[in-house]
Amino acid sequence: MKFTITPTGVNGAVTLSGFHTNYLVRWENRNLLIDAGTLIGRSLHHLGVRPESIDGVYASHLHLDHVGGLYEIAYFRYVHGRGPLPVYLHSALAEPIWNNFLSGLATNFRDLQGRPQIGDRSTFFDFRPIDTTFESPTPGVVIDGLSLRLVQVDHIPNSPCHGVVLDDRVFVTTDTRFIPETLDRVANTFGIETIFHDCMFSEHAKIYHTAYEEILSLPKDLRDLIIMTHYEDVLPLAKEEIEVRLGEAGVDYQF
């Protein structure tokens, strides 16, 4: 099937001039977000996409640059009568994302007539947990023909984070430290065409993310698949000196 992936931003959590690294996936009049950070409303506006047009969100982990905008998307859908927002996520996140984050935003609100309301987890959200990862013979979920397979990555201690394989062709790592063995396994299992890979250039990148020097250490066949995202606002190298493709916000990548 044909689909388009558009990075809504390509910068990290503390960006001051760009947008968070989230992705808009479009196919057959469907709009799916891979993560929805706190800046998602602004980044969608920059793309000319209305928040209520989002049909679902895949949430990779519980950092604000990845889930901080979920309530905003869900509330716009509520205002426009579209019902609860489908949120696809690993099953281990289903309770924490509500109990530790969204419940404080979505419990007390006013309806369209201004009357105070008490909401619960189903008022704005339709959580759709996924139990399997990419090793399973079947996808974690198929959304109107587009398959998603989750890939466990190494990001936050003691808290799950999962990248996602789309249509068995594109791997979005989300946030991860360097995981060369996993990259190799995923690429060879599915014949991956492109990897949108977390990458930072700072000296402290390796604490939570993948450093550019680590990307350079990969075999050429893997490096050639990579489009780097989640990098700093200001790069220490001139773009023509960077040896691996840099993703660009607002660019439509066709598959």
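Confirm whether Leu93 is buried (at least 20 other Cβ atoms within 10 Å of the Cβ), under 15 Å from the mean Cα position of the chain (by Cα) and not in a strand (DSSP E or B).
Criteria met by Leu93.
Run Arg42 past the list (1) within 28 Å of Glu232 (Cα to Cα); (2) of a type in the set (D, E, K, R); (3) assigned to a loop (DSSP other than H, G, I, E, B) and report the number of the one that doesn't hold.
So the condition that Arg42 fails would be (3).
Can you pull out the residues in region 144-168 that are over 28 Å from Glu213 (Cβ atoms) and over 16 Å from the mean Cα position of the chain (by Cα)?
Asp144, Gly145, Asp168
Would you check if there is a residue in region 177-188 being touching a helix residue (DSSP H, G or I) at 6+ places or on another chain (Cβ under 8 Å), of a type in the set (S, T, N, Q) and at pLDDT 95 or above?
The answer is no; no qualifying residue exists.
In region 2-12, which residues are touching a Leu at 6+ places or on another chain (Cβ under 7 Å) and either surrounded by fewer than 24 Cβ atoms within 10 Å (Cβ to Cβ) or among the basic types (Lys, Arg) (or both)?
Phe3, Thr6
Listed residues Pro51, Pro86; which is farther than 20 Å from Ser159 by Cα and in contact (Cβ under 8 Å) with a residue 40 or more places away in the chain?
Answer to the check: Pro86.
So, in region 1-30, exactly how many residues are of a type outside the set (Asp, Glu) and part of a loop (DSSP other than H, G, I, E, B)? Lay out the reasoning, then the answer.
Residues of region 1-30 of a type outside the set (Asp, Glu): 1-27, 29-30.
When the remaining residues are screened for being part of a loop (DSSP other than H, G, I, E, B), the result is 1-3, 8-10, 12-19, 21-22, 29.
Residues that pass the stated criteria total 17.
Checking Leu70 against (1) within 23 Å of Trp27 (Cα to Cα); (2) exposed (fewer than 13 other Cβ atoms within 10 Å of the Cβ); (3) among the hydrophobic types (A, V, I, L, M, F, W, C), only one condition comes out false. Which one?
All conditions are met except number (2).
Residue check: is Phe190 farther than 14 Å from Gln152 by Cβ and either without any contact (Cβ under 8 Å) to a residue 60 or more places away in the chain or touching an Asp or Glu at 6+ places or on another chain (Cβ under 6 Å) (or both)?
In short, yes.
State yes or no: is Ala74 within 23 Å of Thr133 (Cα to Cα) and either aliphatic (A, V, I, L, M) or modelled with pLDDT of 95 or more (or both)?
No; evaluated as a whole, the condition is false for this residue.
The values are calculated or read from the model by the stated rules, or taken from the named source; none is laboratory data. Treat the numbers as computed from the prediction; the structure is a model and nothing was measured. Methodologically, a virtual Cβ is constructed for each residue, glycine included, from the backbone with ideal geometry; neighbour enumeration extends over all protein chains shown.
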